Amino acid sequence: MAEIKQVRLSGLGGQGVVLAGLLLGQAGVVEGRYISGSDSYGAQARGSGCKSEIVFSDGLIDFPHIITADILIALSQGSYNLYCGDVREDSGLIFYDRGLVTPKEELKVKQLGIPATEVSVKRLKNKQVANIVLLGALVETTKIVSPMALEKAIAMHISKRFHSLNLKALRMGMELGRKMNG
């Protein structure tokens, strides 16, 4: 049976959750994996809850939606509260934006607080790339896709004008991920 990893990214409209999901899924495709993805967001474009779900597999995917997330990325307190209980106990992993989310301590999953928005604002002078900082931390910590595959996905889907900024955000996220692992 094929190994399957289920990833849910969540936050508010305008935080780049859907774009981050697209990039992560595209990176999986670049590496030759089977990928299924879906997105949902509230009626308002900005400020309402949204999520992006990606199923990674080494073989055919029978059911294209997440049943129980192996990994949750939460960019807002509301999305964290909504989805933190749907993460696989014991082996699950939650990445959350440390400046925006206060984690629950009673969960039986590993939780990593990444200062994504703080780093984006202070070091990159752009709040818009906090999503990419979190992707960098995810890639460094879990090896779910390679940094090179994610870089190729950025080249495919991000306007050339923003490539440099997004690649810097990716590298900063990977640096934060290394510190978490070290």
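The values are calculated or read from the model by the stated rules, or taken from the named source; none is laboratory data. For clarity, every value in this text was computed on a predicted model and none was experimentally measured. Note that each Cβ is placed from the backbone with ideal geometry, even for glycine, and that neighbours are counted across all protein chains shown. Side chains included, ligands, DNA and RNA excluded: accessible areas come from the protein's heavy atoms. Shrake-Rupley method; radii C 1.70, N 1.55, O 1.52, S 1.80 Å.
From LEU138, LEU60, LEU75, grab the single residue that is surrounded by fewer than 20 Cβ atoms within 10 Å (Cβ to Cβ) and touching a residue at least 40 places away in the same chain (Cβ under 8 Å).
LEU60
Candidates LYS108, LYS104: the one that is basic (Lys, Arg), under 25 Å from ARG178 (Cα atoms) and at pLDDT below 95 is LYS108. Among the residues of the range 103-127 satisfying the criterion of being assigned to a loop (DSSP other than H, G, I, E, B) and over 20 Å from GLY16 (Cα atoms), which is least open to solvent (accessible area, probe 1.4 Å)? The qualifying residue least open to solvent (accessible area, probe 1.4 Å) is VAL109.
Of all positions in the range 36-51, none carries a residue that is closer than 20 Å to GLU151 by Cα and either out of contact with any strand residue (DSSP E or B) (no Cβ under 7 Å at 6 or more places or on another chain) or open to solvent by less than 10 Å² (accessible area, probe 1.4 Å) (or both).
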